[in-house]
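Each remark here refers to the structure printed beneath this line.
The values are calculated or read from the model by the stated rules, or taken from the named source; none is laboratory data. What you see is a predicted model; the values in this text were computed from it and never measured. In this analysis, Cβ positions are derived from the backbone assuming ideal geometry, glycine residues included, and neighbour counts consider all displayed protein chains.
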Amino acid sequence: MNKTLKDIEAKHVSGTEDDFRGNEGKVECPVCRKAINQRDLETHWPTDEKVTVELCCDCRADFEAETGKTIDADVIDDDLFSSLYKWAIENAGPTSNAETSSEDRMRAVATALNGELWQSGGGIWLVICRRKDGKVVVVSDEVICEYASEEAFENSKPSKSIGLV
């Protein structure tokens, strides 16, 4: 099996306040793009690799009906996994929410920087990091700004900025 395969993973559904990846949150099936509960998501992987395919129960049933193959475990033989992976790629629908990619990127930045994810309106996601010295650092898809204080941030008066585009 090709070592450059990427995981086919569900993504957090934008606009929900659920606990993502704690079996309670809403995720989008990467194949049919339907919003489902995290606990209803299936993950399958081959015996010889760490790449995975996540999909909803309905998509697994569609795969089985269309191919005549049955998935009865999380770890599946390599030939069955290859068929599932190819089927998932071929049947994957377009992302349902264009803002998801920006939100997902900013969520990852917020986690890495221990910052706060904030939706500023108009589909613009920011990461806000409040430093111990009172300065505020704000990261967007286009710029990183440092503000001398919370007040400077509220008044949109950065002391330093770095353009990213």
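Check off (1) in contact with a Leu (Cβ under 6 Å, 6 or more places away or on another chain); (2) at pLDDT below 90; (3) part of a strand (DSSP E or B) for Arg107 and give me the number that stays unchecked.
(3) is the only condition that Arg107 fails.
Please go through (1) free of Cβ contacts under 8 Å to residues at least 60 places away in the same chain; (2) out of contact with any helix residue (DSSP H, G or I) (no Cβ under 7 Å at 6 or more places or on another chain); (3) closer than 22 Å to Lys34 by Cβ for Ile89 and return the number of the only condition it doesn't satisfy.
(1)
Would it be correct to say that Glu64 is out of contact with any Gly (no Cβ under 8 Å at 6 or more places or on another chain) and within 23 Å of Lys11 (Cβ to Cβ)?
No: the conditions fail for Glu64.
What strands (runs of 3 or more DSSP E) completely inside the range 1-102 contain at least 2 residues that are out of contact with any Phe, Trp or Tyr (no Cβ under 6 Å at 6 or more places or on another chain) and modelled with pLDDT of 90 or more?
Correct list: 41-46, 53-56.
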